[in-house]
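Bear in mind these aren't lab numbers, they're just calculated from the coordinates by the rules spelled out. A quick note: this is a predicted structure, and the numbers were derived from the prediction, not measured. Neighbour counts are summed over all protein chains in view; Cβ atoms, including those assigned to glycine, are modelled from backbone coordinates with ideal geometry.
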Amino acid sequence: MNTGTGQVTATESDISSVLRICLHKLGISFLIFDGLDECLDWKGLVTSICEATVGTQCKIILITRPHLALSENFGHDLYHINLDVLSNHDDIRLFLLPEVDALRGHIAGHQSEPEIVNEITNRANSMFLWAKLMVRYLQSPTLTPQERLEAICDMNLLEGLDKLYMRILENVREHLPQRQWIKVQKIFQWIAVASYPLRTPELQIALAVQQSRGATKDDLIPDFEASLVQICGAFVEIKEDLTVHFIHLSVLEFLTDRAPGMCSPYVSNSPFHVDLCSASFFAATTCLRYIIYDVPHKPLRGSSSTTGETQTIELRYPFLKYASQCWPWHTREGISLFCNGAAPKPNESIASHLEALYMMFSIKEIVTLWIEASYTFGFPPSLLDLPFQMTRLKIPRLTAETSLVSEKLKTLSTCLLELHQHWLNVLFENPSEIWLPSINAFMKSECLIGTTEAKIHILASVDDDAILIASQESSNGKEIGMIKVWPSR
């Protein structure tokens, strides 16, 4: 495998084939999938499972919310079990007992702990998530003992997930300073639109990025991991690998107005609604500002002639990998959502993004830095189809800015294509080569930094199909001569 030319990562078809072989060998076996409704392409997953288990003795258990139409795939072979209100009462009660015990003395009234546990368990209607959120809400230090008692006893106050979500958000907003609440909104935006889950060091830096200057230590949220969960009202959790997620898919659906059967907070001026279009442009702009203001416009390894460990660079600039890789993706997502009419008034976020794009393209050192960072982290820099997508962005008051950025994107796209064609292997081996004279002298691109250290004099009119016969470097290392032969036509 190390010396072969085969692909390194298995395709979905490969995985399905291997699974099918294993299941045929195992005899009676079981596949269990939890949270099927949280899968982006659950229908595709179910189809793959069905194909892999045909002719086997495998039993499949799918755990999901009830709104998925699974009968289309399984037909009469589907045995459907619905949880009733008593199905997991004992499990919820066991979870609540120590949590309520920890609140002893902080709840008004004279109810015993078992009575409080029974009250919350009965109101949960078999929804473990509701019980968990209810406990987190009761643990909020901003609630008075009387407010905790009312939350437990008032049957209409927090009935259902949507009302509980809304009350938690209202409580968070009421007791946070305005600047802190803006941080919470940004956290929700990042989790909602992130290309892949951000780790806490990345998110901490992303939240500290400033509009027109580099961030300092004073811009960072202190004790970030503990503060993150606290200020977000239990809507956010940190996994063992330090990635940040919503505690459940229904939180994302609620905030973005995509929750089935929920009364989501969708109002254009609602402080709780996450507009995916504006959030995408916000994420893209934050990525660009980090590259522009927080990373020095020079070789990442200190100088263009030294090599360094990628891990060291990542520790020094925790958000650089995400910012370099994902700003084009966020830009494309924002444009796509805007053109599909998914944004009420995102003009301000688009204007800020166009400004950041123009600034990046206007400074060759920033473009060169982005190219080096991309290759450093193992992916060639790509604009995706942004030169085309930018032409779809029709905003009357931003026509001039859009046109200017569109032209810059086309020029840079041509430059990147030439890099990929002629210098891909060189840059993967040594990304800092992008700062050295060799590439710049041969390409002479207006996007990259200029250099006078190397000059190319071609004595022939064309260089197509030439065969290199010999090359010789001068004793001082500053000149190189090459002899090439052009075969007869």
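What is the sum of charges, Lys and Arg at +1 and Asp and Glu at -1, for the other residues whose Cβ falls under 11 Å from the Cβ of residue 159? Provide the component values of the computation, followed by the final result.
Values: positive: 123, 163, 167; negative: 154, 162.
So the environment of residue 159 carries a net charge of +1.
The calculated FRET efficiency for the pair residue 43 and residue 429, based on their C-beta separation and a Förster distance of 56 Å, comes to about 0.85.
Per residue of the chain, what 222 nm ellipticity follows from adding -39500 (n - 2.57) for every DSSP H run with n ≥ 4, rounded to the nearest 500?
After summing the helix terms and dividing by residue count, I get -15500 deg cm²/dmol.
With 20 Å bins beginning at zero, the pair-distance distribution over Cα atoms of the chain amounts to 18, 42, 31, 8, 1, 0 %. Label positions at residue 128 and residue 239, each projected 7 Å from the Cα along the C-beta direction, are separated by 1.8 nm. Please give the helix 347-362 orientation as an angle from the longest Cα principal axis of the chain, in degrees from 0 to 90, rounded to the nearest 10. Orientation of helix 347-362: about 30 degrees from the principal axis.
Run the numbers for residue 16 and residue 475: contour at 0.36 nm per residue of separation, minus the present Cα-Cα distance, in nm.
Working: separation 459, 0.36 × 459 = 165.24 nm, distance 5.93 nm.
Between residue 16 and residue 475, full extension yields an extra 159.3 nm.
Of all DSSP bridge pairs formed entirely within the chain, close to 60 percent run antiparallel. Grab the other residues whose beta carbon is less than 15 angstrom from that of residue 213, score K and R as +1, D and E as -1, and report the net. Around residue 213, the surrounding residues sum to -2. Using the Cβ-Cβ distance between residue 86 and residue 170 with R0 set to 41 Å, the FRET efficiency from 1/(1 + (r/R0)^6) comes to roughly 0.85. Per residue, the convex hull around the alpha carbon atoms of the stretch 12-77 comes to 85 Å³.
All other residues with a Cβ under 12 Å from the Cβ of residue 83 taken together, and with Lys, Arg as +1 and Asp, Glu as -1, what is their net charge? Display every interim value, and only then the final one.
Working: positive: 65; negative: 84, 91.
Surrounding charge for residue 83 is -1.
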